[in-house]
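Down below is the structure, laid out as structure tokens.
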Ligand SMILES: [Zn+2]
């Protein structure tokens, strides 16, 4: 019997953007939780999130900075 290498999805390690496949940073995940759904288990990168929310990336970075100043633990 020939066994082909099955691709097992890796859930524990690196997370990827569900839209473009980019590797996600801590802040990408934080932004998704903050702007979309706190209880999400899949995430997208900041650029895809900006497109989704129809805001510019600089606007999102400003908001992230603001949340950081407020002591939000979703961002570093
Ligand atoms: Zn993306």
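The values are calculated or read from the model by the stated rules, or taken from the named source; none is laboratory data. Nothing here was measured: the structure is a model prediction, and the numbers come from that model. Every residue, glycine among them, receives a Cβ derived from its backbone with ideal geometry; neighbour counts consider all protein chains shown.
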Discussion item. From the list 26, 75, exactly one residue is out of contact with any helix residue (DSSP H, G or I) (no Cβ under 7 Å at 6 or more places or on another chain) and modelled with pLDDT of 95 or more. Which is it?
Written reply: 26
Worksheet entry | Yes/no for residue 26 being within 13 Å of the ligand (Cβ to nearest atom), closer than 16 Å to residue 75 by Cβ and without any contact (Cβ under 8 Å) to a residue 60 or more places away in the chain | no
Worksheet entry | Positions within the stretch 36-61 being touching a helix residue (DSSP H, G or I) at 6+ places or on another chain (Cβ under 7 Å), in a helix (DSSP H, G or I) and surrounded by 18 or more Cβ atoms within 10 Å (Cβ to Cβ), in sequence order | 46, 49, 50, 60
Practice prompt. State which residue pairs qualify: first residue at pLDDT 95 or above and inside the stretch 41-65, second residue away from the ligand (no atom under 15 Å from the Cβ) in any location, beta carbons under 6 Å apart, and separation of 6 or more residues or different chains.
Written response: 64/75
